Amino acid sequence: MAKATKREFVIKTKEGSYNIIVWFDKKDKAYLVKVPSLPEVFTFGKSLVDAKKMAKDAIELYCDCLIDEGNIVIDDQRHAVGKLPKSHVISVK
């Protein structure tokens, strides 16, 4: 059985640019998407266009949650988004 061909794309969101990996899963008949820099983000779409739109939505929702919790989000281009804590001291994980 042949392996699915994985393709890489850059998704631009309001929180920055993120690399995604997309491949077609024959069993599920869907394009699966993962975001290497945000391992918690995984989504899919019935077409490649749909999968990319779903990836953008998933990234934005995940980043919004992180920012709402007071975190700083750094995209794949090393741009930071979020609010500095009142102490102006941040820790980078």
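No value in this document is a laboratory result; all are computed from the given coordinates. This one's a predicted model, so the numbers in the text were calculated from it and none came from an experiment. Reconstructed Cβ throughout: ideal geometry from the backbone, glycine too, with neighbour counts over all protein chains shown.
Brief remarks follow.
- (i) 96; (ii) 75; (iii) 109, with the label sought being that of the calculated volume of the Cα convex hull per residue in Å³: (i)
- Each Lys and Arg Cβ is given +1 and each Asp and Glu Cβ -1; about its Cα centre, the chain then shows a dipole of about 400 debye.
- Normalised by the number of residues in the chain, the average gap of Cα pairs under 8 Å and 6 or more apart makes the relative contact order 22 percent.
- Estimated distance in nm for a label pair at residue 64 and residue 27, the labels positioned 7 Å out from Cα along Cα-to-Cβ: 3.2
- 26 Å Cα-Cα reach of residue 34 towards lysines, excluding residues that sit fewer than 8 places from it in its own chain: 3, 6, 12, 14, 26, 46, 52, 53, 56, 93
- Stretch gain in nm, segment residue 9-residue 83, where the contour uses 0.36 nm per residue and the Cα spacing is subtracted: 23.8 nm
- Label positions at residue 46 and residue 74, each projected 7 Å from the Cα along the C-beta direction, are separated by 4.0 nm.
- Straight-line reach from residue 29: taking Cα to Cα under 16 Å and skipping same-chain neighbours fewer than 8 places apart, the aspartates and glutamates in range are 50.
- The helix-based estimate of mean residue ellipticity at 222 nm for the chain, built from -39,500 (n - 2.57) per DSSP H run of four or more residues and divided by its residue count, is -8000 deg cm²/dmol to the nearest 500.
- In terms of packing, defined here as the mean over residues of other Cβ atoms within 10 angstrom, the peptides 24-30, 71-77, 45-51 line up highest first as 71-77, 45-51, 24-30.
- Mean projection area, nm², convex hull over Cα of the range 44-88: 3.7
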